[in-house]
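Peer 1: Structure in structure tokens, see below.
The values are calculated or read from the model by the stated rules, or taken from the named source; none is laboratory data. In this text, all values refer to a predicted model and were calculated from it rather than measured experimentally. Quick reminder, even Gly has a Cβ in these numbers, built from the backbone with ideal geometry, and neighbours come from all protein chains shown.
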Amino acid sequence: MNLRSRYLAGPVAVVSAVAGATLLSLSPASATPSAPLAARPAATVSVAAQEAVLARPTTAGSSLCVPGKVVRARHGACAVTTVDYRVIEVPSGKVLGTGTITVGYKETLNAMSRAWKLVAGIELTDATGVVVGDTTATTNIACTGGCTSSEPWARPLVKGTPYTHAFTVSSAGRGTDTTGQAPVVTIVNPDATDQAAPVRLDSLGPARCDSDPLLRQFGKSTSGCVFKDVAASYDVYLTGHGEDQVARNVERGQQVKSLHFGWYGHGRVLFRAPPSVAVKNRQAACGKTTYRKPFSCDEYPFAATYQGAFYFPSQSVTMKVLGTENSTEGGLRSAMYVSERLLYGDSYWVFVVP
């Protein structure tokens, strides 16, 4: 006698509950946890499930996918959590089967396109009773803020077998739009007369898509998306990139000044500013210098930030550098504005690389 015929003595209902994940935000080199989204932490996930959901390194070399966490960086986010599932007899309340479904979902945004992939992974990691062979999960993406997603994805679940599916998400138009995209998982058991409500998995974060004409590459405007509430990162190099002295000036400014602007883990973040602000900062920092070609005055914090010498005169450092180095660094920073979709008012950290 199978479990279904043995235990089904009356109407059946399905009850499910989400074990929420703790939210982490990468800015960008390490994570700081916020309050948990639910009281019970998610269970440890099998290796197969983690591989199914994908683990992609961040720019700092760490993995975005962490069991029981929601982790976000500037260009990507990943969550691994669980859904507890029960099939019960009504009205007795007798439990006919239980299950734990591991759900992973990961976005990798595209800095050069308003379309990207959201990969969903799902696995029935534990099951008893009628759940063992009679559970189906359908996943779709609930979009807000003008985004759209590809069609829902349905899988009959087999215990211990992970499945993955890549959704295509896009934000149409040419404006600057903030979208939300949340996987919604509907779990169905054919033995139940009443099914559980869909489980919505939020917290991947707001994706901002823009086609700002000021972010240009090779003379052409571009479009792209980032997680706007995570600070961008910018590397300056002490050797090998033609900006050695500029990088030394950045390093000196970060370490010797009390507010340590731009120094991740030690000071305050920088915010990109428009040309009108850069003119005031440059004049305040370098207006009295008389360097002749081939030399020029380099200032840190950068003139094109709201942390420059006009606003924080005591936090500014200057250095006599070759004009070619200033130009090289400026070009690299302009490229970073595009790759990080750094609009005016956006924040970023500066990392000094040997």
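Peer 1: Within the range 115-134, how many residues are over 16 Å from Val184 (Cα atoms) and surrounded by 23 or more Cβ atoms within 10 Å (Cβ to Cβ)?
Peer 2: Residues meeting the conditions: 4.
Peer 1: In the set Pro190, Pro156, which member is in contact with a Ser or Thr (Cβ under 9 Å, 6 or more places away or on another chain), over 30 Å from Ser233 (Cβ atoms) and without any contact (Cβ under 8 Å) to a residue 24 or more places away in the chain? Walk me through how you get there before you give the answer.
Peer 2: Numbers: Pro190 fails: without any contact (Cβ under 8 Å) to a residue 24 or more places away in the chain.
Just a single option satisfies the conditions, and that option is Pro156.
Peer 1: Residues of the range 250-301 being aromatic (Phe, Trp, Tyr) and either exposed (fewer than 13 other Cβ atoms within 10 Å of the Cβ) or closer than 16 Å to Val321 by Cβ (or both), which ones? Show your work before the answer.
Peer 2: Residues of the range 250-301 that are aromatic (Phe, Trp, Tyr), as a first pass: 261, 263-264, 271, 291, 295, 300.
Across the range 250-301, the qualifying residues are Tyr291, Phe295, Tyr300.
Peer 1: May I ask you to list the residues in the range 284-307 that are under 17 Å from Gly330 (Cα atoms) and in a helix (DSSP H, G or I)?
Peer 2: Passing the criteria: Ala285, Cys286.
Peer 1: Hey, another quick one. Look at the range 251-269 and say how many of its residues are in contact with a helix residue (DSSP H, G or I) (Cβ under 8 Å, 6 or more places away or on another chain) and under 18 Å from Pro354 (Cα atoms). Lay out the reasoning, then the answer.
Peer 2: Narrowing the range 251-269 to residues in contact with a helix residue (DSSP H, G or I) (Cβ under 8 Å, 6 or more places away or on another chain): 253, 257-263, 266-267.
Remaining after also requiring under 18 Å from Pro354 (Cα atoms): 253, 262-263.
Of the residues in that region, 3 qualify.
Peer 1: Hey, another quick one. Hey, can you tell me all the residues within the range 322-351 that are over 23 Å from the mean Cα position of the chain (by Cα), surrounded by fewer than 22 Cβ atoms within 10 Å (Cβ to Cβ) and touching a residue at least 24 places away in the same chain (Cβ under 8 Å)? Before the answer, list the steps.
Peer 2: Within the range 322-351, the first condition is being over 23 Å from the mean Cα position of the chain (by Cα), and the residues that meet it are 322-332.
Imposing the further condition that a residue be surrounded by fewer than 22 Cβ atoms within 10 Å (Cβ to Cβ) reduces the set to 322-324, 326-328, 330-332.
Within the range 322-351, Leu322, Gly323, Thr324, Asn326, Thr328, Leu332 meet the criteria.
Peer 1: Also, I was wondering about something else. Ala182: among the aliphatic types (A, V, I, L, M), within 30 Å of Lys94 (Cα to Cα), surrounded by 14 or more Cβ atoms within 10 Å (Cβ to Cβ) and out of contact with any Phe, Trp or Tyr (no Cβ under 8 Å at 6 or more places or on another chain), yes or no?
Peer 2: Details: among the aliphatic types (A, V, I, L, M): yes; within 30 Å of Lys94 (Cα to Cα): no; surrounded by 14 or more Cβ atoms within 10 Å (Cβ to Cβ): yes; out of contact with any Phe, Trp or Tyr (no Cβ under 8 Å at 6 or more places or on another chain): yes.
The answer is no for Ala182.
Peer 1: On to the next question. Kindly list, by first and then second residue, each pair from a residue in the range 120-143 that is in the same structural domain as Asp84 (by TED's automatic domain parsing) and acidic (Asp, Glu) to a residue that is part of a strand (DSSP E or B) and surrounded by fewer than 23 Cβ atoms within 10 Å (Cβ to Cβ), limited to pairs with Cβ atoms under 6 Å and residues at least 6 apart or on different chains.
Peer 2: If the second residue must be part of a strand (DSSP E or B) and surrounded by fewer than 23 Cβ atoms within 10 Å (Cβ to Cβ), the pairs left are Asp126/Thr100.
Peer 1: Next up: Conditions first: (1) touching an Asp or Glu at 6+ places or on another chain (Cβ under 9 Å); (2) on the phi < 0 side of the Ramachandran plot; (3) modelled with pLDDT under 90. Gly146 passes all but one, so which condition is the exception?
Peer 2: (2)
Peer 1: Which strands (runs of 3 or more DSSP E) sit wholly inside the range 58-150 and have at least 3 residues that are under 30 Å from Ser347 (Cα atoms) and aliphatic (A, V, I, L, M)?
Peer 2: Numbers: elements: 69-72, 76-89, 95-108, 115-127, 136-144, 147-149.
Output list reads 76-89, 115-127.
Peer 1: Scan (1) more than 22 Å from Gly265 (Cα to Cα); (2) out of contact with any Lys or Arg (no Cβ under 9 Å at 6 or more places or on another chain); (3) surrounded by fewer than 21 Cβ atoms within 10 Å (Cβ to Cβ); (4) at pLDDT 50 or above for the single condition Glu51 breaks and write down its number.
Peer 2: Result: Glu51 passes all but (4).
Peer 1: For the range 240-249, indicate whether the set of residues that are within 27 Å of the chain's Cα centre (by Cα), loosely packed, with under 15 Cβ neighbours inside 10 Å and of a type outside the set (A, V, I, L, M, F, W, C) is non-empty.
Peer 2: No, that holds for no residue.
Peer 1: Could you please give the count of residues in the range 303-332 that are in contact with a strand residue (DSSP E or B) (Cβ under 7 Å, 6 or more places away or on another chain) and either more than 15 Å from Asn249 (Cα to Cα) or among the aromatic types (Phe, Trp, Tyr) (or both)?
Peer 2: 4
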